[in-house]
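Structure first, commentary second.
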Amino acid sequence: MNVNGTGQTGAPANGAPKKHVEVPGSAWGDRLRALKNVPPVLKILWESGPAVVTWGIILRLITAGLPALLGYISSWILGNVKLAIDHQPLPPRFWWMVGAEVFFAVFANAINRLIDYLDSLLSDRYTFFVSVRVMRQAADLDLTTYEDPVFYDRLERARVQATDRLGMIQQMGRLLQQVVTTAIFTGILMYHSPWLVLLLTLGVLPSFLGETHYAFLGYAKNFRQTPAKRQMDYLRQAAGSREGAKELKLYNLADYFTGRFTSLSKEIYEENIELSRRKLFWGGILTMIGTLGYYGSYVFVIWRAVEGQLDMTTLLFLTTSIIQAQSNLQQVFSTASGIADQALFLTDLIAFFDMKPTVISKPNGQLVPRPIRRGFEFRNVSFAYPGTTRRVLKDFNFTLSPGERIALIGENGQGKTTVVKLITRLYDPTEGQILLDGVDLREYKLEDLHHEIGVIFQDFMRYEMTARENIAVGRVERQHTEEEIEHAAEKSLAASVVAKLSGGYDQMLGRRFEGGVELSGGEWQRVALARAYLRDAQLLILDEPTAALDAKSELEVFERFAELTTDKMALLISHRFSTVRMADRIVVLAGGRLVEEGNHQQLMALGGRYAEMFEMQAASYR
């Protein structure tokens, strides 16, 4: 059983397979390079809600100036209260200024609540928009990418980054507001004394550098831990899934799984704690430096007031400005650092969006002929899966003509399913050509080609949807009538399965959702077969989809399949020779080549590989 979630077995019991994992290099270099991720994210953000983004910017610019305005009014009011204390008349506009402070305070509160609402709205829109983009991008990528464990690590990080970077989205808005507010208060302090700004900056900068350094170390740590965390997720699933419950008990795997999970968890925990301790110590020291910078500015202003260089109103306003400037300057550095570090986490998301499929339609690709007149031809086709040198097919030549039913047989690993993947253009040949009506498959529109092919693989999907939806996914381009759904179910023998369900075609299948009903393997296969019948394609392919059926049920399925494929091209793969005998032509593969072909009688008379395999299987029934 594969228990590491990466397609590898026999991993060390103390955790992940030991292999080199490339992690980010120079902290500052990677952080600066990661800033190139910000514009693409801003573009995604804008596309997800342009009106919401526009209003958010406008309101933040308004809000950014309010602290300085309120600080000035408050200082003026408090400075003039001294006149009342000394029994002197108040300025004529005193109560107007009090009213203005109340108004602007209420106005600021209302604006902030509106900004929070817009942020919430934008977060929802962004989450939806980027999640859809991830789903579409994953669907567009080549099948080969899904056979690469490294791709799964990237895909997992991309999925997490797509929705977990909402904090960065909000930080961008806050940064704009903080920069404007900081610029206003810094300008005020610069007007009175540049030394105030210098002291504040020297106090804030060390803390900023420390925070960004440890934020980068956190990113690098999470990058390294991704494969181990995927293994932990897989171990949780394997140890708690319905599918694995039987073996878990019979093979006493509980301690084995929990032991591996505990070992991985302990390694991650110890690494997290070590980083947290270092951050606690150095972060505390750097924070104290920042505090000294603030109080240095504060003492300097008090000294000037004592020396008679500042009146009470100016003293109060500068004190407020120091507090606001120090707070906002620190926030600007922190927010900017947070955005830069969040941008590091977006590296995989942007890289994922930048991935391009190689199996694509040419611009202005041709439409598939309707009807197909000459059929398919494999001409000297060789194929090796990416990352390997072993050729699954070698100089393979093969034809499939309209109205012809062909069975592909051979031992496992001889290239039967690869032929299906190539004829459906899930892959392109490494060498040679595949022609349709004399034209290379690569010249046709990929989507149009897929419309004319119906395939049911052995590892077909079991959709946790209603019975009707499970059948209807066979052709989602249009709505289907009840009669069409029922006709497809009758053809595939799925109608008898649906008849047993209390909800009929509206019954939820699978146990994931409430009220769902689980089907047996054979029942699931009949439902899956109904999809191919609903598709009404020119080429129908069955790649061992009846493996879970008994011999009698399989024979019934193939008899129905024979009726359905009248005047159509059909390609079937099966290990049961009793069913492949119905084919017009049987093609035998060995070593990635076509070694024999003909009908059952011709191949038996030939006395070659087919006859040998047939006799071996027949002997098991005697």
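The values are calculated or read from the model by the stated rules, or taken from the named source; none is laboratory data. In this text, all values refer to a predicted model and were calculated from it rather than measured experimentally. Cβ: placed from backbone, ideal geometry, glycine included. Neighbour counts: every protein chain shown.
So the values come out like this:
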{"item": "Hey, G432 of a type outside the set (D, E, K, R) and either modelled with pLDDT under 90 or not assigned by TED's automatic domain parsing to the domain that holds E612 (or both) or not", "result": "no"}
{"item": "Residue count, segment 513-533 (criterion: of a type in the set (S, T, Y) and closer than 16 Å to E486 by Cα)", "result": "1"}
{"item": "Out of F257, F281, F208, F216, sole residue that is modelled with pLDDT of 75 or more and either surrounded by 15 or more Cβ atoms within 10 Å (Cβ to Cβ) or over 30 Å from L35 (Cβ atoms) (or both)", "result": "F257"}
{"item": "Residue match in segment 567-586 (condition: modelled with pLDDT of 80 or more, surrounded by fewer than 18 Cβ atoms within 10 Å (Cβ to Cβ) and assigned to a loop (DSSP other than H, G, I, E, B))", "result": "yes"}
{"item": "Residues of segment 594-608 that turn out to be within 21 Å of F378 (Cβ to Cβ) and buried (at least 16 other Cβ atoms within 10 Å of the Cβ), as a count", "result": "5"}
{"item": "Restricting segment 480-523 to residues that are modelled with pLDDT under 85 and within 23 Å of I541 (Cα to Cα), the residue that is surrounded by the most Cβ atoms within 10 Å (Cβ to Cβ)", "result": "S492"}
{"item": "Hits in segment 476-507 - residues which are assigned to a helix (DSSP H, G or I) and touching a residue at least 60 places away in the same chain (Cβ under 8 Å)", "result": "K491, S492"}
{"item": "Enumeration of residues in segment 513-533 that are part of a loop (DSSP other than H, G, I, E, B) and either in contact with a Ser or Thr (Cβ under 8 Å, 6 or more places away or on another chain) or under 26 Å from E544 (Cβ atoms) (or both)", "result": "E518, L519, S520"}
{"item": "Residue match in segment 569-584 (condition: basic (K, R) and in contact with a strand residue (DSSP E or B) (Cβ under 6 Å, 6 or more places away or on another chain))", "result": "no"}
{"item": "Residue in segment 433-455 that is farther than 30 Å from N364 by Cβ, touching a residue at least 24 places away in the same chain (Cβ under 8 Å) and exposed (fewer than 15 other Cβ atoms within 10 Å of the Cβ) present", "result": "no"}
{"item": "Residues of segment 395-416 satisfying the condition of being farther than 25 Å from P371 by Cα, out of contact with any helix residue (DSSP H, G or I) (no Cβ under 8 Å at 6 or more places or on another chain) and either of a type in the set (S, T, N, Q) or surrounded by 17 or more Cβ atoms within 10 Å (Cβ to Cβ) (or both)", "result": "N412, Q414, G415, K416"}
{"item": "Residues of segment 415-452 satisfying the condition of being among the hydrophobic types (A, V, I, L, M, F, W, C) and within 28 Å of the chain's Cα centre (by Cα)", "result": "V420, L422, L426, L446, L449"}
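Residue-wise test of (1) part of a loop (DSSP other than H, G, I, E, B); (2) in the same structural domain as M582 (by TED's automatic domain parsing); (3) under 17 Å from A537 (Cβ atoms).
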site: S361; (1), (2), (3): yes, no, no
site: F398; (1), (2), (3): no, yes, no
site: V420; (1), (2), (3): no, yes, yes
site: R425; (1), (2), (3): yes, yes, yes
